[in-house]
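Below: one structure, written as structure tokens.
Readers should treat all values here as calculations from the given coordinates under stated rules, not as data from a laboratory. Source: prediction; values computed, not measured. Note that each Cβ is placed from the backbone with ideal geometry, even for glycine, and that neighbours are counted across all protein chains shown.
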Amino acid sequence: MKILANNKKAKHDYFLEEKYEAGIELKGNEVKSIREGKVSIKESHVGDYKGELFIYNMNVTPYEQSYEKNIDPIRTRKLLLHKKEIDKLIGKVSQAGYTMIVNKIYLKEGLIKAEIALAKGKKIYDKRETIKKNDAKRKIERALKNY
């Protein structure tokens with residue numbers, strides 16, 4: 001499994017509760033561009049429309065050697081999941097406080113997959129607590145390394 005894009009701010013801004021693997025409906029030149037790592041998911045999110053899930057604001061830089069140059073890099077892309085999973089996710093998001101985010105884009109057995117996560121937003125004090133824990137963990141690792 002080769003990770004092509006990672007959403008580093010996701011763990012900082014959200015509590016990630018459940019993770020799902022989904023395929024992405026892409027065009028040919030988008031596949032080549034994503035395989036080169038020219039994809040950004042920092043500002044992307046997942047939403048539903050008429051019982052289907054879509055990724056919004058995922059930026060895929062156009063492939064340089066492509067014949068078709070007029071594809072929008074920030075177009076909406078459909079996620080490929082089982083109907084039961086889609087219904088479960090839409091049901092959870094309809095509850096207060098839940099959202100769906102894109103956590104990773106990776107290559108698995110020649111196919112491009114997205115890891116989407118059901119997440120709850122963190123409050124400011126939760127973020128501070130997470131930063132304190134990570135700093136303490138780093139200090140312990142440094143002390144053990146130097147010992």
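Only Cα sites of the stretch 1-121 enter the Debye sum here, all with the same form factor; the resulting log10 I(q)/I(0) across q = 0.10, 0.15, 0.20 1/Å is -0.29, -0.65, -1.11, listed in q order. The angle separating the long axis of helix 124-146 from the principal Cα axis of greatest extent in the chain is about 70 degrees. Legend: Rg and Dmax of the stretch 61-147, from Cα coordinates, 20.0, 58 Å.
Evaluating 6.51 cos²θ - 1.76 cosθ + 1.60 at θ = phi - 60° for every residue in the stretch 31-48, the Karplus couplings come out as 4, 5, 5, 5, 4, 7, x, 8, 9, 10, 10, 4, 9, 7, 8, 10, x, 10 Hz, glycine and proline recorded as x.
In the calculated pair distance distribution of the stretch 1-70, what percentage of Cα-Cα distances lie above 13 Å? Above the 13 Å cut-off, the stretch 1-70 has 73 percent of its Cα pairs.
So which GluC sites (Glu not before Pro) in the stretch 53-89 are both in a DSSP loop and have at most 11 other Cβ atoms within 10 Å of their Cβ? List each step's numbers first, then the result.
Working: sites: Glu64, Glu68, Glu85; in loops: Glu64, Glu68.
Answer by residue number: Glu64, Glu68.
In the structure shown, the pairs Lys38/Lys78; Lys113/Lys137; Lys92/Lys137; Lys27/Lys113; Lys42/Lys120 are assessed against 24 Å; a Cα-Cα span above that value is assigned to Lys113/Lys137; Lys92/Lys137. Panel note: the C-alpha atoms of the stretch 34-86, placed on their principal axes, show extents of 39, 23, 17 Å (largest first). For a straight C-alpha distance cut-off of 20 angstrom, the aspartates and glutamates reachable from Lys19 (same-chain residues fewer than eight places away being disregarded) are Glu43, Asp48, Glu52, Glu85, Asp87, Glu109, Glu115. Across the stretch 2-11, computed HN-Hα scalar couplings (Karplus, 6.51 cos²θ - 1.76 cosθ + 1.60, θ = phi - 60°) run 10, 7, 9, 8, 9, 9, 6, 6, 4, 5 Hz from first to last residue, x flagging Gly and Pro. Give me the angle, in degrees from 0 to 90, between the Cα long axis of helix 83-94 and the longest principal axis of the Cα atoms of the chain, rounded to the nearest 10. That helix lies at roughly 50 degrees to the long axis.
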